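Data block below; observations after.
The values are calculated or read from the model by the stated rules, or taken from the named source; none is laboratory data. Quick caveat: nothing in here was measured; it's all calculated off a predicted structure. Methodologically, a virtual Cβ is constructed for each residue, glycine included, from the backbone with ideal geometry; neighbour enumeration extends over all protein chains shown.
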Amino acid sequence: MGYIGAHGVAALHRYKYSGVDNSLLAKYVFQPLWSHCVNFFPLWMPPNGITLMGFLFLISSAFLGYIYSPRLDSPPPRWVHFAHGLFLFLYQTFDAVDGKQARRTSSSSPLGELFDHGCDALACACEALAFGSTAMCGRMTFWFWVISAVTFYGATWEHYFTNSLLLPAINGPTEGLMLIYMGHFFTFFVVTQGTLFVFVNLGAEWWAQNFGQSIPLFSWVPIINEVPTYGAVLFLMTVFGVIPTVSSNISNVHKVVQARKGSMLLAVAMLYPFFVLLGGVLAWDYLSTNNLIASYPHLVIMGTGLAFGFLVGRMILAHLCDEPKGLKTNMCMSLLYLPLAIANSLTAKLNDGVPLVDEFWVLLGYCAFTDLKAIFGKILDYDDRSFDSSKLKNGFPETSKLWEETFGRQYFMAKSMFKGNERSIKCLDSKVEVGATPPCGTTYIAGEPLLLPCCTLALALALALFCKSIPLALF
């Protein structure tokens, strides 16, 4: 997939994270809580280990949704709603604490940012599936993933140009996640119907009924009265959350491009792979004879979420390495499967509605392709030809500390997993100078920062497919 040259390595050495959270809720409520929670983690625990633990909560949440509601159109047991809310709260907490742990242990690095935001990109798919389970959204769950992915990609795109992650007074990582897990808890504890003083335990069905029934205060409005509650929520999130956020992203990028006398066309070109991904999946669903998203929402959203994670990872890496602005063709590699899937759906038009390959297996291949692409994408590839061992400051390669800083000393032996896929790593370590070569016999590992999250997703998908044949009564 190419190499990071001397310019990229030098940029990684210079890189410093910059971000501001203007949320009043975070400042006065959550920040004191997170500052207290970080003390529960030992100093030897790496920040990315905390990130991974938080991500595992969301994988568990999506897995529960698959077991009890495979098509996201049937109500799961009441306790599942509570689990969804708790797991999302823990994810938010762990995701905030990892940065504090990095500053506490002086272990902040560009790799940490890449790993953290990469997990956040994958988390969009997991939480969309969890909320789809609670609200019985069915095929509309895909659009809940879309609005989360659009805002996340827009923020990453803006960060690429402004070099600072600016969160407004009301933002998704704080208020947005809080509203979602409050919705999970609300569904678990009590749901209202009739008036504000009559309580009926409806559970997930509350979200599926018409908005006028769920909130009688608005029952007099003709249009709203005919829209499912989750549909009204999707509309409100789009109007009051997505549109203002994306408008702010575009405005901020435009100001930077104008100040630098750059090309806005090149800036917008970086959004092209995401819209191709979204358009390709929608075209596949439209041409499918099996109502693809409604029949297999977990496979579609998880496979697309993995491809999205790859796009985000590539853009973050381009930012870390200070690459020229414009379309990154290597980002499009995760889209290669979609033309084959669309062509397979088109064969159904010529074969009495029967595709050449059953679309369930095509979907499985889609998930496997995007997962393997994320794992073996070699995001951290470095040019072996420009490495001089005489410039290493000590005999043992300092870059071996990369895995220890990421996953802890006990996970350092994971390097044996990469036999046959070894390359030299020479950045993210201030003690290794540009232009050095590894000593003879020394192994340097080019690890994919999203390896463990993607492997975990693959394992969860395999377990979910296995559990599909197990009676739900056993759970």
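A few remarks follow.
- Listing of helices (runs of 4 or more DSSP H) fully contained in segment 263-309 that carry 3 or more residues being within 20 Å of the chain's Cα centre (by Cα) and more than 22 Å from Ala62 (Cα to Cα): 272-287
- Taken as a whole, the structure leaves Phe89 outside the set of residues that are within 19 Å of Gly309 (Cα to Cα), modelled with pLDDT of 95 or more and among the aromatic types (Phe, Trp, Tyr).
- Selection from segment 65-85 of residues that are part of a helix (DSSP H, G or I) and closer than 20 Å to Leu202 by Cα: Gly65, Tyr68, Arg78, Trp79, Val80, His81, Phe82, Ala83, His84, Gly85
- Checked against the criterion of being out of contact with any helix residue (DSSP H, G or I) (no Cβ under 7 Å at 6 or more places or on another chain), of a type in the set (Phe, Trp, Tyr) and at pLDDT 90 or above, segment 209-220 contains not a single residue that satisfies it.
- Residues considered: Val233, Val312. Of these, the only one that is surrounded by 18 or more Cβ atoms within 10 Å (Cβ to Cβ), farther than 26 Å from Asp73 by Cα, within 23 Å of the chain's Cα centre (by Cα) and not acidic (Asp, Glu) is Val312.
- Contact map, segment 39-53: first residue touching a residue at least 60 places away in the same chain (Cβ under 8 Å), second residue part of a loop (DSSP other than H, G, I, E, B) and of a type in the set (Val, Ile, Thr), Cβ cut-off under 6 Å, separation 6 or more or different chains; pairs are Leu43/Thr105.
- A single member of Asn344, Asn351 is free of Cβ contacts under 8 Å to residues at least 60 places away in the same chain, surrounded by 20 or more Cβ atoms within 10 Å (Cβ to Cβ) and not small (Gly, Ala, Ser), and it is Asn344.
- Matching residues in segment 8-38 - criterion: being in contact (Cβ under 8 Å) with a residue 40 or more places away in the chain, in a helix (DSSP H, G or I) and of a type in the set (Phe, Trp, Tyr): Phe30, Trp34
- Failed condition for Ser69, given (1) under 17 Å from Ala130 (Cα atoms); (2) under 21 Å from the mean Cα position of the chain (by Cα); (3) among the small types (Gly, Ala, Ser): (2)
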